[in-house]
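Below you'll find the structure, written out as structure tokens, and then a few comments.
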Amino acid sequence: MKRLVVTADDFGLSLEVNEAVEQAHRDGILTAASLMVSAPGAADAVARARRLPSLRVGLHLVLVEAWPTLPASELPDLTDGDGLMRRDMERLGLDLALRPAARRQLAVEIRAQFEAYRATGLPLDHVNAHKHFHIHPLIAGLVLRIGRDYGMRAIRVPREPREILRRAEPGFRPRAALDTAPWAALLAVRARQASLLVPDRTLGLAWSGAMRPHRVAALLDALPDGLTELYTHPATAGGFAGEAPGYAYAAERDALVDPRARAAVERAGAVLGGFSDF
């Protein structure tokens with residue numbers, strides 16, 4: 001059986017993102033969205049989600065490159081001079097390993113984000129993290145432990161089979177993800193030990209920011225059995241605070257409402273839903 005969760009990340013980042021999420025859910029194949037609880041458009045995103053009860057919403061933990069939930073003054077090892085979470089992921093990962101104070105700050109920030117999500121009143125469909133930073137073993141441990149207190153039942157494991165990419169786009173040579181693959185595999189083991197639902201595969205990694213209509217349709221035509229998460233970054237336009245340079249936001253929105261995507265889902269015989277539906 002083919003089960004498919006189609007997710008939009010960065011829900012709440014901007015009005016452009018929120019508008020695209022609503023459009024893609026109402027008129028396309030989008031089934032879920034991951035909320036940044038402290039981003040500028042978070043309140044608008046929550047209001048839209050309440051108007052869209054069939055949209056499954058989860059928590060997009062922000063541990064790098066965006067707005068923390070706690071004041072930056074309480075997170076001196078995690079934030080930069082602008083009051084945002086640090087961008088230097090490799091160095092931050094090392095600091096977390098070497099500095100107990102950084103780990104303590106991270107734990108309270110993760111809990112604060114779960115608390116902020118609980119305060120929305122929205123059911124918690126899933127959890128993932130900005131830039132997939134939750135695959136870091138220390139971060140994963142905190143998310144698994146803290147998330148249990150807030151009813152976390154599903155988590156993203158970013159593993160993308162290269163053979164699916166080759167089938168979707170013949171001639172494409174995906175870069176081997178040897179730097180993150182072991183940590184993703186470890187996360188899958190730990191999550192299953194915690195009785196969490198994890199996808200068998202996650203599509204959208206190699207073409208993050210470039211999930212154009214022909215690629216989304218082709219990936220759906222190559223969909224294997226099992227539970228697949230296909231994640232995207234839709235927006236009606238770029239030019240907002242926190243955007244990723246070079247991302248084709250509007251094209252990703254278009255891919256989700258393109259009739260070819262719906263037709264591919266129907267050809268595959270896939271059941272659409274959020275994680276909580278499966």
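Structure values in brief
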{"quantity": "Percent of beta bridges antiparallel (DSSP, the chain, rounded to nearest 5)", "calculated": "5 percent"}
{"quantity": "³J(HN,Hα) computed for each position of segment 260-267 - Karplus, 6.51 cos²θ - 1.76 cosθ + 1.60, integer Hz, glycine/proline x", "calculated": "5, 5, 4, 5, 5, 4, 5, 5"}
{"quantity": "About the Cα centre, charge dipole magnitude for segment 127-193 (Lys/Arg +1, Asp/Glu -1 at Cβ), debye", "calculated": "100 debye"}
{"quantity": "Which of A235, H126, V37, positive extreme of dipole for the chain (C-beta unit charges)", "calculated": "H126"}
{"quantity": "Under-5 Å amide H pairs with V57, H placed in peptide plane, nonlocal only", "calculated": "A33, D125"}
{"quantity": "Environment charge at V271 (Cβ cut-off 9 Å; Lys +1, Arg +1, Asp -1, Glu -1)", "calculated": "+1"}
{"quantity": "Among V108, L70, L84 - extreme Cα towards positive end, dipole of segment 1-109, charges at beta-carbon", "calculated": "V108"}
{"quantity": "Sequence-distant residues sharing a close amide H with T232 (under 5 Å, placed H)", "calculated": "T7, A8, D9"}
{"quantity": "Net charge contributed by nearby residues that have their C-beta within less than 11 Å of S34 (K/R +1, D/E -1)", "calculated": "-2"}
{"quantity": "Test item: Cα-centred dipole of segment 36-143, Lys/Arg +1 and Asp/Glu -1 on Cβ, debye", "calculated": "380 debye"}
{"quantity": "Exposure rank, largest accessible area first [R153, R215; 1.4 Å]", "calculated": "R153, R215"}
{"quantity": "Estimated 222 nm signal from helices in the chain, with DSSP H stretches of n ≥ 4 weighted -39500 (n - 2.57), rounded to 500", "calculated": "-12500 deg cm²/dmol"}
{"quantity": "For the chain, size of Cβ-based charge dipole, Lys and Arg +1, Asp and Glu -1, in debye", "calculated": "840 debye"}
{"quantity": "Rounded accessible area of W67 (nearest 10 Å², 1.4 Å probe)", "calculated": "70 Å²"}
{"quantity": "Option label - Kirkwood radius over Cα pairs in Å computed here, alternatives (i) 20.4; (ii) 19.7; (iii) 18.7", "calculated": "(iii)"}
{"quantity": "Area accessible to solvent at D9, 1.4 Å probe radius, in Å²", "calculated": "10 Å²"}
{"quantity": "Spin-label pair A97/V271, simplified geometry with 7 Å Cα→Cβ offset, distance in nm", "calculated": "4.2 nm"}
{"quantity": "Cα centroid separation, segment 152-213 to segment 67-109 (Å)", "calculated": "26 Å"}
{"quantity": "Label-to-label distance, nm, for residues given as K2 and A241 (7 Å Cα→Cβ offset)", "calculated": "4.2 nm"}
{"quantity": "Gyration tensor (alpha-carbon) shape descriptor, segment 63-169, a/c threshold 1.5", "calculated": "oblate"}
{"quantity": "Amide proton proximity set for K2, modelled H, under 5 Å, gap of 5+", "calculated": "G226, V271"}
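The values are calculated or read from the model by the stated rules, or taken from the named source; none is laboratory data. Here the structure is a predicted model, which is why all the values come from computation and not from measurement. Using ideal geometry, Cβ is built from the backbone for each residue, glycine included, and neighbour counts are taken over all protein chains shown. Protein only, heavy atoms only, side chains kept; ligands, DNA and RNA dropped before computing areas. Shrake-Rupley method; radii C 1.70, N 1.55, O 1.52, S 1.80 Å.
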